[in-house]
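Reviewing the structure listed below.
Since every read-out is calculated from the coordinates, none of them should be taken as a lab result. Computed from a predicted structure; not experimentally measured. Please note: Cβ atoms are built from the backbone with ideal geometry, for glycine as well, and neighbour counts cover all protein chains shown.
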Number of protein chains: 2
Amino acid sequence: MTRKGLIHIYTGDGKGKTTAAIGLAIRAVGHGFKVAYIYFHKDPKRWGYGEHKVLRTIGVDVFGFARRHPHFYKKLNPDEVRKECLKGMRFIESLYKNNKYNMIILDELMISLRDGFLKKEEVMNIMKTKPRGLELVLTGRGAKRGVVRCADLVSKIEKIKHPYDSGVQRRVGIEY
Amino acid sequence: MTRKGLIHIYTGDGKGKTTAAIGLAIRAVGHGFKVAYIYFHKDPKRWGYGEHKVLRTIGVDVFGFARRHPHFYKKLNPDEVRKECLKGMRFIESLYKNNKYNMIILDELMISLRDGFLKKEEVMNIMKTKPRGLELVLTGRGAKRGVVRCADLVSKIEKIKHPYDSGVQRRVGIEY
């Protein structure tokens, strides 16, 4: 029988949520796991995330949904973002069916929920229907209580100090 | 003039400190940074950390000091561990002189301090004498106040839920 895969959540307002998930991917790849990394609300065309390139070179499959977020694109229709997120949900379900991956990372999915692009039931459905052996990793601020209840491992990353607070801007190689 | 590198600390008792540092390394490598990853109190012979192998394949230099910790090796002489940690400190100073790296990660160095193998002045000296452009990343539980004061970015990873609490053991590909 395959080992039971757990559900992780990395939430909170401190730096380290996405990087913790990426680090997990690296560790898993080091043991021969097959990993998919799926990001939401991130726009590589705008920021050029360094991690995506490296993940691909080590054999992690990288996918993105709802890349643009109204926070950056004021004219964006929230219904469009919801549609994109739902497309992401259907894509994840298709991956569940293939059962090709040992670990799937849903980066910033907690934001889709927090900002109302997905309903709690929709996210919880993705958590509850995962294949038994799959390690599922969710990140993003503001994880809701029901979702936390549904997870096996939850780390809340608290911001004690952040250079943004003293006026340092987003830095290439560090924030993206 | 080179960009000022910051000092990060990832501390707290939740899962995600080492993985956050590894994720940072991946992101940095994606932008062409040269990264050194130096671990303390970890014994790859015992655990076979998946991340070390992958870091090496993407060009990160990996080093280890004071690999054995008295927590696992009861007969170990703490003076020996201190000597090993000091060797690590001298090694880091030699890397500062070469100025070959854009990012140096000191994984679990907060443990060396917490468990008395290094003095606060010794760790703070390593923080204060870093080359201006270097991004320095420290991890480990129980970061002391003086060290936190010395850092630019501090994230405390709080354990909300951890599978160890419900009896799940360390799992290959996830914990190491």
> Given charges of +1 on the Cβ of Lys and Arg and -1 on the Cβ of Asp and Glu, with all other atoms neutral, how large is the dipole of region B:7-165 about its Cα centre, in debye to the nearest 20?
Replying inline: 160
>> Residues of region A:6-43 with the amide nitrogen closer than 17 Å to a label point 7 Å from the Cα of A:ASN99, along Cα-to-Cβ, please.
In response: A:6, A:34-35
> For the pair A:PHE91 and B:ARG132, how long in nm is the line joining their label points, each one 7 Å along Cα→Cβ?
Replying inline: 4.3
>> 5 Å is the cut-off here: which amide hydrogens, built 1.01 Å from N in the peptide plane, fall below it relative to A:TYR39, excluding neighbours closer than 5 in sequence?
In response: A:PHE63, A:GLY64, A:PHE65, A:ASP107
> Hey, got the dipole for the protein assembly as shown? About the Cα centre, +1 on K and R Cβ, -1 on D and E Cβ, debye to the nearest 20?
Replying inline: 0
>> At 0.36 nm per residue, and after removing the present C-alpha to C-alpha distance, how many nm does the segment from B:ARG149 to B:LYS119 gain when stretched out fully?
In response: 9.2 nm
> ³J(HN,Hα) across region B:104-113 via Karplus (A = 6.51, B = -1.76, C = 1.60, θ = phi - 60°), whole Hz, x for Gly/Pro?
Replying inline: 10, 9, 10, 6, 6, 5, 5, 6, 4, 6
> Considering only DSSP beta bridges with both partners in the protein assembly as shown, what is the antiparallel share in %, to the nearest 5?
Replying inline: 15
> Using a label point 7 angstrom from Cα along Cα-to-C-beta, what distances in nm, from shortest up, separate A:GLY142 from the other copies?
Replying inline: 3.7
>> Quick check: the distance between the Cα centres of region B:1-50 and region A:108-164, to the nearest angstrom?
In response: 24
> In region A:7-142, if every C-alpha pair distance is counted and binned at 10 Å from zero, what percent goes to each bin?
Replying inline: 12, 46, 36, 7, 0
> Once you list every other residue whose beta carbon is under 12 Å from the beta carbon of B:ILE26, what net charge do they have if Lys and Arg are +1 and Asp and Glu are -1?
Replying inline: +2
>> What are the membrane-span-like helices in chain A by this rule: whole DSSP H runs, Cα extent along the axis at least 18 Å, mean Kyte-Doolittle hydropathy at least -0.5?
In response: A:17-30
> Across the residues of B:124-133, average count of Cβ atoms on other protein chains within 10 Å?
Replying inline: 0
